[in-house]
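The values are calculated or read from the model by the stated rules, or taken from the named source; none is laboratory data. Being a predicted model, the structure only gives us computed values, none of them experimental. Note: ideal-geometry Cβ built from the backbone for every residue, glycine included; neighbour counts use all protein chains shown. Surface areas here come from the heavy atoms of the whole protein model, side chains and all, with no ligands, DNA or RNA. Shrake-Rupley method; radii C 1.70, N 1.55, O 1.52, S 1.80 Å.
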Amino acid sequence: MSNESNRREFLKQSGLLTGGALLTTLPSFASSYGFNSSADDTIKIALIGCGGRGRGAALQALKTKQNVKIVAIADAFRDQLDDAYKILNQNPELAKRVDVPEERKFVGFDAYQKAIPLADVVILATPPGFRPMMFEEAVKQGKHIFMEKPVATDAPGVRRVLAAAEEAKKKKLNVVVGLQRHYQPNYREMIKRIHDGALGDIIGGSVYWVSGGVWVKPRQPNQTEMEHQMRNWYYFNWLCGDHINEQHIHNIDVANWVKRGYPVSAQGTGGRQVRTGKEYGEIFDHHIVDYVYEDGTLINSQCRHYEGTYSKVDEQFLGTKGRVDSFGRQSILKDHKGGAIYTHNGKGDGDPYQIEHDELFAAIAKHEYKFWDAENGAKSTMTALMGRMATYSGKVVKWDEALNSNINLFPDKLAWDATPKLVPNSDGFYPVAVPGKTVAV
Ligand SMILES: NC(=O)c1ccc[n+]([C@@H]2O[C@H](COP(=O)([O-])OP(=O)(O)OC[C@H]3O[C@@H](n4cnc5c(N)ncnc54)[C@H](O)[C@@H]3O)[C@@H](O)[C@H]2O)c1
């Protein structure tokens, strides 16, 4: 079932679809969360994962109009937590909303378990490998959630998120996933028009994240293997899922949104052409994937990390009546003769990273149940992972076999002296997938 029809079906079943308004009021148990009662309307936030995006998301939460307060922060590493604490306190106005004494700063693999109980809303911004267990715990404890994309790095993780997403719906917990194009005005307007038929049937498309790549954190003396992988998380699949998952999910998710569904199969090619050093762990530097949807539509996906080359982060779709060549902040739907069907110039549009927090916190403050992004977040994550399964194996991978895969990348034990499942050889190089030999699912 498509994203939109899933959502409407859920609302219908819950008796919530009234007059087109996709919201409901939270049941009375919400007041037991301690916010918005006459005694205290503070919405308490815990930040889990204090890196670049966690800091950004926390500041965006602090800038919302609601009476919010960050009451706990958690990170695997003390230095990351301390840097984040400084940044959260840099702006004196926002710092009034930061109330994190030493006893509410938590460090280590179990830090999330100590922070979650203290909050009404949790921000989950660790590397995605940890998302399933942290999302599961936050849902179990009845918290509203902002969680970054992607939401897993392997199929067992996706299944955990899907199961917890069902629980979250039952508990009417608002969940926003940081696939922020869903909160970006031009995407909302364009895709609404595409769904209303402005381009006819969408019969093809291409989605891109081609760029120079990201940071690398070289191995330091005295680091255990676990610490090295945690610090350099981008290059290890149990933590990151490869860049087709970590970055390109944004564009793949737009294709799913436009198609109102998820692909039935994928096949592709990929490898390590440029980024071959031992500091780059196991991930590929390029993936080219054909995604096939239920109606036969083929969406080409292309992502690569080559320094010094052409960059493009975008999506194109072809319909029977017209096309859209570029989104960005400014979008134009055109007919096949080049005439504009609809233009969105993007001037004055808000920042989608801020909008996602503004809308989430407004809903929570009003006790409304408006956001259930986790299921789509999990299925778009699965789409990206299915692409990785296809490029690593060189095989055609079908949706059901991908989702049911039991390849579990997560370590058996989380501890600084524990050994991750993937270890380097005596020269420091990690095993890398070999198409034709690597097992797909
Ligand atoms: N929506 C977007 O546009 C966007 C942009 C950037 C990053 N992201 C996503 O945000 C997430 C974080 O990325 P980032 O760029 O902030 O990375 P980062 O490395 O800057 O931060 C990750 C933080 O999580 C901490 N951490 C790791 N394991 C942990 C654990 N088990 N418990 C607690 N803390 C842990 C790390 O120490 C680090 O401080 C990723 O999923 C990434 O894909 C989204």
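Selection of the range 152-211 for residues being among the β-branched types (Val, Ile, Thr) and open to solvent by 40 Å² or more (accessible area, probe 1.4 Å) yields only 203. The numbered conditions (1) part of a loop (DSSP other than H, G, I, E, B); (2) open to solvent by 10 Å² or more (accessible area, probe 1.4 Å) are all true for residue 250 except (1). When 391, 419 are checked against the criterion of being touching a residue at least 12 places away in the same chain (Cβ under 8 Å), open to solvent by 80 Å² or more (accessible area, probe 1.4 Å) and hydroxyl-bearing (Ser, Thr, Tyr), a single residue qualifies: 419. Considering each residue of the range 89-121, count those that are within 12 Å of the ligand (Cβ to nearest atom), in contact with a helix residue (DSSP H, G or I) (Cβ under 6 Å, 6 or more places away or on another chain) and over 13 Å from residue 50 (Cβ atoms), and give that number. Count: 1. Within the range 71-88, which residues are within 10 Å of the ligand (Cβ to nearest atom) and either hydrophobic (A, V, I, L, M, F, W, C) or open to solvent by less than 10 Å² (accessible area, probe 1.4 Å) (or both)? 73, 74, 76, 77, 81, 84 - these are the residues of the range 71-88 that are within 10 Å of the ligand (Cβ to nearest atom) and either hydrophobic (A, V, I, L, M, F, W, C) or open to solvent by less than 10 Å² (accessible area, probe 1.4 Å) (or both).
Restricting the range 319-338 to residues that are open to solvent by less than 70 Å² (accessible area, probe 1.4 Å) and assigned to a strand (DSSP E or B), the residue that is farthest from residue 211 (Cα to Cα) is 335. Say whether the condition of being on the phi > 0 side of the Ramachandran plot, touching a residue at least 24 places away in the same chain (Cβ under 8 Å) and not assigned by the TED database to the domain that holds residue 249 is met by at least one residue in the range 167-176. The answer is yes; a qualifying residue exists. Can you confirm whether residue 130 is aromatic (Phe, Trp, Tyr), on the phi < 0 side of the Ramachandran plot, part of a loop (DSSP other than H, G, I, E, B) and open to solvent by less than 60 Å² (accessible area, probe 1.4 Å)? So residue 130 does not fit the description; no. Residues in the range 140-195 that are small (Gly, Ala, Ser), closer than 17 Å to residue 384 by Cα and outside any helix (DSSP H, G or I): 152, 178.
Filter the range 221-234 down to the residues that are away from the ligand (no atom under 12 Å from the Cβ) and either within 19 Å of residue 108 (Cβ to Cβ) or in a helix (DSSP H, G or I) (or both) and list them by number. Can you show your working first?
Within the range 221-234, the subset away from the ligand (no atom under 12 Å from the Cβ) is 221-225, 228.
Of everything in the range 221-234, those that are away from the ligand (no atom under 12 Å from the Cβ) and either within 19 Å of residue 108 (Cβ to Cβ) or in a helix (DSSP H, G or I) (or both) turn out to be 222, 223, 224, 225, 228.
When the range 122-153 is limited to residues that are β-branched (Val, Ile, Thr) and closer than 14 Å to residue 72 by Cα, the one that is nearest to the ligand (Cβ to nearest atom) turns out to be 123.
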